[in-house]
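The values are calculated or read from the model by the stated rules, or taken from the named source; none is laboratory data. The shown structure was predicted, so the numbers you read here are calculated from the model rather than taken from an experiment. Virtual Cβ from ideal backbone geometry, glycine too; neighbours counted across all protein chains shown. For the accessible areas, the whole protein counts, side chains as well, though only heavy atoms, and no ligand, DNA or RNA atoms are used. Shrake-Rupley method; radii C 1.70, N 1.55, O 1.52, S 1.80 Å.
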Protein chains: 2
Amino acid sequence: MNGGIGEYSYSNNSEFQRGAIAAAKELINEAIAEKLDIKNFSSSNTFRVTDLGCSIGPNTFLAVQNIIDAVELKYQSQGHSTPEFQVFFNDHALNDFNTLFSSLPPERKYYATGVPSSFHSRLFSKASIHFVFSSYAVHCLSQVPNEVLDKSSPAWNKGSIHYSNASPKVFESYAAQYAKDIDCFLNARAQEVVCGGLMAIIVPCRPNGLPRSQDAIIDTLGSCLLDMAKKGIFSEEKVDNFNLPLYFASPQEVEAAVERNGCFRLEKMEILPQEKPSGNFSRGKVLSSQVRASMEGMFKNHFGEEIIDEFFDSFHKKLDELSEFESGNGGSLFILLKRIATNKEDTVAKH
Amino acid sequence: MNGGIGEYSYSNNSEFQRGAIAAAKELINEAIAEKLDIKNFSSSNTFRVTDLGCSIGPNTFLAVQNIIDAVELKYQSQGHSTPEFQVFFNDHALNDFNTLFSSLPPERKYYATGVPSSFHSRLFSKASIHFVFSSYAVHCLSQVPNEVLDKSSPAWNKGSIHYSNASPKVFESYAAQYAKDIDCFLNARAQEVVCGGLMAIIVPCRPNGLPRSQDAIIDTLGSCLLDMAKKGIFSEEKVDNFNLPLYFASPQEVEAAVERNGCFRLEKMEILPQEKPSGNFSRGKVLSSQVRASMEGMFKNHFGEEIIDEFFDSFHKKLDELSEFESGNGGSLFILLKRIATNKEDTVAKH
């Protein structure tokens, strides 16, 4: 994500993600009221919340405040004294934590901490977290699948930057990488979340039954890069060596992963209503600024800083020319998981 | 502290502080072996350590590793299974956490988190911390005492930037601010540290019996500023409005503060042996780079970035001209405190 607070910063271009959080607010309130087992941990004086892939704010602060308000209400309504709250803001170590920390709400009623590590691994000690939140992060893969960058592989993804619009082999490699990553993610969280604790996850998804999506936005990004390669700004090989580490899972894939893991119960899964971008700018301008805020770093690292303005200018223009976005994106998926005692843990507890 | 890894970064100019940590290593090992009451909390699977005022590394990583190694040894020697470690790196929100996080040791065996807030207030939930470490931080005041900036006060500190070499009234204001700050610090920690937990603090101090120190380094900083004001680079009033928020407490003052607080037992207090700066540079160069790395931000914020190079150049030259440093600094003081159950807590526990 782009740090700071400039024109293309994530802070100033995350309205879309904010919409998804607003849409999830009621679902989270309901989840906390109905599904959070506070009797399991109300003797602990600290309630620990984490936002995985929090980026640099301000959306994370809104989301976290929603959660804390709802938990407070639940404790009060059940006659427990309000716990102290500790919030762990997580993102990878290269996230701009300086911007995040300098914009923490001064009136916050929680102890704020930052956790700079990949959520594909363990981040917290055992059974220490009561509520996990994550919005627009779990679709990021831990790496681009090796095969799609390997010239000798049938899954080599020449001339494309994603599985969108690519061969089925490419899609299979991405799907296998996602399965591996989501298993790591769920295994780590299963260790960290207390029994009775919840995970609320929002991810962009693709509809069930669609084997691989065609995504006009990603395809347009790819075609802008190929145009620049044709102009000789960089080689076509450089484009071949670049793939986006993103995967839009279907609801069925999520369900299968939860089942493989075995430590969580899928309490709810539903598509969130999507708001159209607002404001006076063209839709192309708004979308390209959003994409730039989220992904600029990936393009900069691979193609160099000097190409970035030209690249996003051409992206914005191409988006404006498209009359209709044929997006394979199935919208934002809200997933609610509850950490349950497994058979093995039950046995241990009884003895 | 100066962020990043450049010539005047704290990372590259913190050899002196590293020396103090090395000197404290044995004392900390001894403290953990003899004074840490792990029977009080060995049932918890997480051992939580914090470094308050950690700056941007690398010293903090060395210090934390020492502590963890010693705690592991203690758990093993007493037949307990090794706990998981969570480390909270704390500094104020404007500290360069990005540099800190990107230089975390990859082979670390602890969950790393950053806590961006002033240690004069609460940072953690109740009874959640087992070991507090702090090196060269607790001598920083939460603010410059109001009186020394107030023209109508008898403690107005005209023409000077600290109590060193100033009137007794100025010193009294600083001493009162320190007393207030150390009380806040100890009160917050008393809430956070579990009974049987330890605090190891290293601070620059002044000897007992010396009512206020004359510090050649601070006096030289002040005289460089006055020289620049005389040259018309900024006004003398600008110097009058600037004071360093630092206080070098005596061992007696520390003891009195611990007594006022009442929740800690002073287990040990001793002066650490001091190493001379090494390397091929002049002593003035080494000292001025160290001071610049620690304090540049304060001068930059008040006097502007454009004067910084000239200011530290003249500081370095003046230091080289001084044949002997008449420093009122009484060396580095090692303080070991143990959180004890107070009468009130005992009564609660018995009923």
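Considering only region A:173-212, state which residues are of a type in the set (Gly, Ala, Ser) and surrounded by fewer than 22 Cβ atoms within 10 Å (Cβ to Cβ).
To start, the set of residues in region A:173-212 that are of a type in the set (Gly, Ala, Ser) comprises A:173, A:175-176, A:179, A:188, A:190, A:196-197, A:200, A:209.
Within region A:173-212, A:Ala175, A:Ala176, A:Ala179, A:Ala188, A:Ala190, A:Gly196, A:Gly209 meet the criteria.
Scanning region B:91-124 for residues that are facing chain A (nearest Cβ under 7 Å) and more than 22 Å from the chain's Cα centre (by Cα), which turns out nearest to B:Ala70 (Cα to Cα)?
Residue satisfying both the conditions and the ranking: B:Tyr111.
Determine whether region B:255-273 contains at least one residue that is modelled with pLDDT of 95 or more, outside any helix (DSSP H, G or I) and surrounded by 18 or more Cβ atoms within 10 Å (Cβ to Cβ).
Yes, there is a match, as at least one residue in region B:255-273 is modelled with pLDDT of 95 or more, outside any helix (DSSP H, G or I) and surrounded by 18 or more Cβ atoms within 10 Å (Cβ to Cβ).
Can you name every residue in region A:71-116 that is outside any loop (DSSP other than H, G, I, E, B) and farther than 21 Å from B:Pro116 by Cα?
Here is the first cut: in region A:71-116, the residues outside any loop (DSSP other than H, G, I, E, B) are A:71-77, A:84-91, A:97-102, A:111-116.
Answer for region A:71-116, where residues must be outside any loop (DSSP other than H, G, I, E, B) and farther than 21 Å from B:Pro116 by Cα: A:Val71, A:Glu72, A:Leu73, A:Lys74, A:Tyr75, A:Gln76, A:Ser77.
Scan the helices (runs of 4 or more DSSP H) fully inside region A:143-254 and keep the ones with 1 or more residues being closer than 25 Å to A:Ser118 by Cα.
Values: elements: A:168-192, A:216-230, A:236-240.
Correct list: A:168-192, A:216-230.
Pick out the one residue from B:Phe248, B:Phe242 that is touching a residue at least 60 places away in the same chain (Cβ under 8 Å), touching a Pro at 6+ places or on another chain (Cβ under 7 Å) and not acidic (Asp, Glu).
One residue alone meets the criteria, B:Phe248.
Based on this model, can you work out whether B:Lys151 counts as within 12 Å of chain A (Cβ to nearest Cβ), open to solvent by 60 Å² or more (accessible area, probe 1.4 Å) and basic (Lys, Arg)? Quick ask: steps written out before the conclusion?
Values: within 12 Å of chain A (Cβ to nearest Cβ): no; open to solvent by 60 Å² or more (accessible area, probe 1.4 Å): yes; basic (Lys, Arg): yes.
So B:Lys151 fails the test.
Of the numbered conditions (1) under 19 Å from B:Tyr111 (Cβ atoms); (2) within 13 Å of chain A (Cβ to nearest Cβ); (3) surrounded by 15 or more Cβ atoms within 10 Å (Cβ to Cβ), B:Asn45 fails exactly one; give the number of that condition.
(3)
Any residue that is polar (S, T, N, Q), closer than 23 Å to A:Lys109 by Cβ, open to solvent by 20 Å² or more (accessible area, probe 1.4 Å) and part of a helix (DSSP H, G or I) - is there at least one of those in region B:117-130?
Start the filter on region B:117-130 by keeping residues that are polar (S, T, N, Q), which leaves B:117-118, B:121, B:125, B:128.
With the extra rule that they be closer than 23 Å to A:Lys109 by Cβ, the set shrinks to B:117-118, B:121, B:125, B:128.
If we keep only those that are open to solvent by 20 Å² or more (accessible area, probe 1.4 Å) as well, we get B:117-118, B:121.
Narrowing further to those that are part of a helix (DSSP H, G or I): none.
There is no residue in region B:117-130 that is polar (S, T, N, Q), closer than 23 Å to A:Lys109 by Cβ, open to solvent by 20 Å² or more (accessible area, probe 1.4 Å) and part of a helix (DSSP H, G or I).
So that you can scan it fast, the table gives a plain yes or no per residue for (1) closer than 26 Å to A:Phe101 by Cα; (2) of a type outside the set (Lys, Arg):
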residue: A:Gly4; (1), (2): yes, yes
residue: A:Ala23; (1), (2): yes, yes
residue: A:Asn59; (1), (2): yes, yes
residue: A:Leu62; (1), (2): yes, yes
residue: A:Ala70; (1), (2): yes, yes
residue: A:Lys74; (1), (2): no, no
residue: A:Ser81; (1), (2): no, yes
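Taking the condition within 22 Å of B:His302 (Cβ to Cβ) and buried (at least 20 other Cβ atoms within 10 Å of the Cβ), does B:Gly222 pass? So that I can check it myself, show each step before the final result.
On the way: within 22 Å of B:His302 (Cβ to Cβ): yes; buried (at least 20 other Cβ atoms within 10 Å of the Cβ): yes.
Against the criterion (within 22 Å of B:His302 (Cβ to Cβ) and buried (at least 20 other Cβ atoms within 10 Å of the Cβ)), B:Gly222 qualifies.
State whether one or more residues within region B:70-92 are within 22 Å of B:Ser289 (Cβ to Cβ) and surrounded by fewer than 16 Cβ atoms within 10 Å (Cβ to Cβ). Explain how you work it out, then say what you get.
Keep residues of region B:70-92 that are within 22 Å of B:Ser289 (Cβ to Cβ), which gives B:91.
Of the ones still in play, those that are also surrounded by fewer than 16 Cβ atoms within 10 Å (Cβ to Cβ) are none.
Within region B:70-92, none of the residues are within 22 Å of B:Ser289 (Cβ to Cβ) and surrounded by fewer than 16 Cβ atoms within 10 Å (Cβ to Cβ).
Checking the structure you have, find out if any residue of region B:155-167 is surrounded by fewer than 22 Cβ atoms within 10 Å (Cβ to Cβ) and of a type in the set (Ser, Thr, Tyr).
The first filter runs over region B:155-167 and keeps only residues surrounded by fewer than 22 Cβ atoms within 10 Å (Cβ to Cβ), leaving B:155-156, B:158-159, B:165, B:167.
When the remaining residues are screened for being of a type in the set (Ser, Thr, Tyr), the result is B:167.
The answer is yes; a qualifying residue exists.
Scanning for something assigned to a loop (DSSP other than H, G, I, E, B), away from chain B (no Cβ under 13 Å), buried (at least 16 other Cβ atoms within 10 Å of the Cβ) and modelled with pLDDT under 95, does region A:54-67 turn up at least one residue? Give the steps one after another, and end with the answer.
Keep residues of region A:54-67 that are assigned to a loop (DSSP other than H, G, I, E, B), which gives A:54-58.
Remaining after also requiring away from chain B (no Cβ under 13 Å): A:55, A:58.
Those still in the list that are buried (at least 16 other Cβ atoms within 10 Å of the Cβ) too: A:55, A:58.
Restricting the remaining residues to those that are modelled with pLDDT under 95 gives A:55, A:58.
Yes, region A:54-67 has at least one match.
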